[in-house]
1. Can you pull out the residues in region 169-217 that are more than 16 Å from the ligand (Cβ to nearest atom), assigned to a loop (DSSP other than H, G, I, E, B) and open to solvent by 30 Å² or more (accessible area, probe 1.4 Å)?
2. Pick from region 283-335 the residues that are at pLDDT 75 or above and at positive phi: which of them is nearest to the ligand (Cβ to nearest atom)?
3. Could you please find all residues in region 15-30 being touching a Gly at 6+ places or on another chain (Cβ under 8 Å) and not aromatic (Phe, Trp, Tyr)?
4. Any residue at all in region 20-32 that's part of a loop (DSSP other than H, G, I, E, B), among the small types (Gly, Ala, Ser) and crowded, with 16+ Cβ neighbours inside 10 Å?
5. When you scan region 57-82, how many residues do you find that are crowded, with 23+ Cβ neighbours inside 10 Å and acidic (Asp, Glu)?
6. Might you let me know whether region 50-59 holds any residue that is within 15 Å of the ligand (Cβ to nearest atom), touching a Gly at 6+ places or on another chain (Cβ under 8 Å) and touching a residue at least 60 places away in the same chain (Cβ under 8 Å)?
7. What do you reckon, is Arg266 more than 16 Å from the ligand (Cβ to nearest atom) and outside any helix (DSSP H, G or I)?
8. Taking the stated definitions as given, is Asn96 within 16 Å of the ligand (Cβ to nearest atom), touching a residue at least 60 places away in the same chain (Cβ under 8 Å) and either over 16 Å from the mean Cα position of the chain (by Cα) or open to solvent by less than 60 Å² (accessible area, probe 1.4 Å) (or both)?
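The values are calculated or read from the model by the stated rules, or taken from the named source; none is laboratory data. All values derive from a computational prediction rather than experimental measurement. All Cβ positions, even for glycine, are placed from backbone atoms using ideal geometry, and neighbour counts span all protein chains on display. Note: areas computed on protein heavy atoms with side chains; ligands, DNA, RNA excluded. Shrake-Rupley method; radii C 1.70, N 1.55, O 1.52, S 1.80 Å.
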Amino acid sequence: MNASPSLSDSHSRMVSYLRFSVTDRCNLHCLYCRGLSEEHVLPHDHLLTYEEILRLADIAWGLGIRKVRLTGGEPFARKDCTRLLLSLRERFPELNLRLTSNGTLLKPHIKSLQEARINAVNLSIDSFDRATFARITGRDLLSEVLDVLEALLAAGIRVKVNAVAMKGVTDVQLPSFLEAIERWPVDVRFIEFMPMGSGTLWQETIFLSADELLQKMQELARLDAVTERHQDQGPAQMYTVAGSRGRIGIISALSHHFCDTCNRLRITSDGNLRTCLFADAMTPLRGLLRDASVRNEDIAAVIRKALATKPVGAELLKAKRAIAVAQGHMDSIGG
Ligand code: SAM
C-alpha cells in the first residue's frame, strides 16, 4: 500500500479529520447550542447534496483525511442519512467513520450503522435526570435516548457520551454520571461550554472549568489519568474510575485549549469550509462542488490554500469569551 498523503498547515499541524454538518435542522433546542436564537433553517438547496458530500470526501481522502464525522444539527433529521454513511463506507473501507447524534431519532437506523461498520457513535446526554434533560433540550426524551444507548451497545457499537459542562447543573449531578459509567461501558466526556452562536446563553457564571469539574469529581471517586494517548482519543483527557465499566473524559476547549494539536476541518451544512471552530472565516465550496466543470484537483488546491491560514484559535477564543458571541450557529457548523 502506498504511504498516505498528508495534509499539514502553516503551523506544521497534520490535518486528518473532517467533520460534516449534514443538516442545520434539529428536533431539540439545547440551551447551550441554540440558546435564545430564533429557529432558522437553511433552504434545502443550500445544503450540500449527498453526492456533493461524497465528492468532497473523495477529494479529502486524496489529501490525507482518514477520519470523518457526520454531525449537525441532528444528522437523523435529514432523510436517508444512513445512505450517506453506507456510501462513505463502501467507498472508503478503511475510513474511521463516526457520528454525533442526540439519539432521539436513531433507533430505526441501528442495523444500517452496523452495516456501515461505524467506528463509534457520540450521543449527547447532558443530564441523566429526566427533568434536567428536558429543561436543557426542550424535549422530555431522556428514556428514549437511554434506550438507544443500550440498543447501540447491544449491537456491538461503541458509544461515547458528550455532556456540555454547566455550573449548577453538571457539577451537582456528577454522581449520576458516575453511576452511568458503572452501568454501561461508555466514555462520558464533559465538554467545556464554549461561547458559540449568536443567541448563546454563555456566561462566566455558568462556565464550569475542566479543573473545577475534575476536582469535584475527585471528591466523589478515585480517578486515574490515562497517560497513554490513543489515536482516536481526540482532545479528551481520559480517566479510569475504579470499579467502573466506562471512563470519564474532560475536554477543556477553553481553559487549556488544544489548538497546537488541532487536526480538524469542518464543513458547514451549506458547504463552507471552516478551518477553525473559533474563526469566522469560511471558504465556500458548494459552488465548486456543484460545478461539474471544476476539477477535483482545483477544489483540493482551494482547500490547501484555506489550510495555509488555519489559525491557532486560542487568541480568537479569548476575544470571543470576552464578548460571548461568535458568528454562525453551532448546528450548521456541527460542534
Ligand atoms: N445533534 C447532535 C447532538 O446533539 O450531538 C449533533 C450536533 S451538536 C451541535 C454536536 C456537539 O456539539 C454536541 O456534542 C454538543 O454537545 C456540542 N456543542 C454544541 N454547542 C456547544 C457549546 N456551546 N459548547 C460546547 N459544546 C457544544
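1. Pro185, the sole residue that qualifies.
2. Applying the filter and picking the extreme gives Gly335.
3. Val15, Ser16, Arg19, Ser21, Val22, Thr23, Asp24, Arg25, Cys26, Leu28, His29, Cys30 - these are the residues of region 15-30 that are touching a Gly at 6+ places or on another chain (Cβ under 8 Å) and not aromatic (Phe, Trp, Tyr).
4. no
5. Residues flagged as crowded, with 23+ Cβ neighbours inside 10 Å and acidic (Asp, Glu) within region 57-82 amount to 1.
6. no
7. It is false that Arg266 is more than 16 Å from the ligand (Cβ to nearest atom) and outside any helix (DSSP H, G or I).
8. Details: within 16 Å of the ligand (Cβ to nearest atom): no; touching a residue at least 60 places away in the same chain (Cβ under 8 Å): yes; either over 16 Å from the mean Cα position of the chain (by Cα) or open to solvent by less than 60 Å² (accessible area, probe 1.4 Å) (or both): yes.
So Asn96 does not fit the description; no.
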